[in-house]
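Structure first, then comments.
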Amino acid sequence: ENILAVKVTETTPTSVNLDRMSLYSYFPLAGIIRKVSLISVPDIHLKSLQSYTVWDKDYRNVNLKIQTALVNLNQINQAKLNLEVRVTDLKGTKIIAQEITSAISLPAWGRTGYELTLPVKNPRPWTAEIPELYLLTIQLKSGGKLIQELVTRIGFRQTEIKGTEILINGRPVKFSGVCHHDSHPLMGRAITPELEKQDLELIKEANLNSVRTSHYPPIPEFLDY
């Protein structure tokens, strides 16, 4: 049997010394301020998944750079693995690009990083005005058998700094933004997605186009909005 123990503290070394939450948004209210979930993964699994965009010189076609980490927590078997990667529309019906990697060997208790480049022809770019999104699906297989699948939404956006300009997809953008904190007079930092949406609607109505998320990661819904 497993025992799940929960301890709630007012501050942590990180909140005091690193992100300075106790100075900038101090609400000493008891409780857990974020959603908590537990997940289980197979012994052999993808530990991380990241991707970023590199456009060609004409900003027409793109190389999607994908970085993963594979872990084998099996104490006996050496694994022979393949990754199947594809980019589709948001419904998952139209395949934009796909690739199957060659065999990846991962010994017992092994861990390895793996990078691949997926060429994508003429995708619609992501901008703040038209936030075009696609689905990135990566499947981990062994001997043709599916072990794990990760699905995430992505947009094709490349950010660069050239001289004194910040370019998004090759075009200079002037930033007009604000710092953002999770704060509410009654709930402290235990912010709901509905309140975050209201915050962002007010930010947009004020003709602002960027947000600094300050000293701690925002809730996932904030980034989705």
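The values are calculated or read from the model by the stated rules, or taken from the named source; none is laboratory data. Since the structure is predicted, the reported quantities are computational estimates derived from the model, not experimental observations. Cβ sites come from the backbone with ideal geometry, for glycine too, and all protein chains shown count toward neighbours. Accessible surface is based on the protein model in full, side chains and every heavy atom, while ligands, DNA and RNA are left aside. Shrake-Rupley method; radii C 1.70, N 1.55, O 1.52, S 1.80 Å.
Of note:
- Computed accessible area, residue 194, all protein chains, 1.4 angstrom probe, square angstrom: 130 Å²
- Solvent-accessible area of residue 45 with every protein chain in place, 1.4 Å probe, in Å² to the nearest 10: 20 Å²
- Karplus-based coupling profile of region 58-69, in residue order and whole Hz: 9, 6, 10, 10, 9, 9, 8, 8, 10, 10, 9, 10, with θ = phi - 60° in 6.51 cos²θ - 1.76 cosθ + 1.60 and x standing for Gly or Pro.
- Candidates 33, 138, 44: whichever shows maximal mean-square fluctuation once the chain is modelled as a Gaussian network with Cα springs under 10 Å: 33
- Carbon and sulfur %, accessible surface of the chain computed with the full protein complex present, 1.4 Å: 52 percent
- Taking 168, 191, 76 as the candidate residues, the one with maximal mean-square fluctuation in a Gaussian network model of the chain, Cα springs under 10 Å, is 76.
- Violating pairs (Cα-Cα greater than 27 angstrom) within the set 57/197; 47/204; 91/174; 91/121; 91/197: 57/197; 47/204; 91/174
- Accessible surface ranking that places the most exposed of 37, 210 first, with a 1.4 angstrom probe: 37, 210
- Calculated percent of Cα pairs over 32 Å apart (choose from (1) 39; (2) 15; (3) 26), label: (1)
- Think of each Lys and Arg Cβ as +1 and each Asp and Glu Cβ as -1; about the Cα centre, that makes the dipole of the chain roughly 540 debye.
- Rg to Rh quotient for region 73-154, alpha carbon positions, Kirkwood Rh: 1.07
- Length-normalised contact order of the chain in % [C-alpha pairs under 8 Å, at least 6 apart]: 18 percent
- Averaged over its residues, region 1-134 has an accessible area of 72 Å² per residue, based on protein heavy atoms and a 1.4 Å probe.
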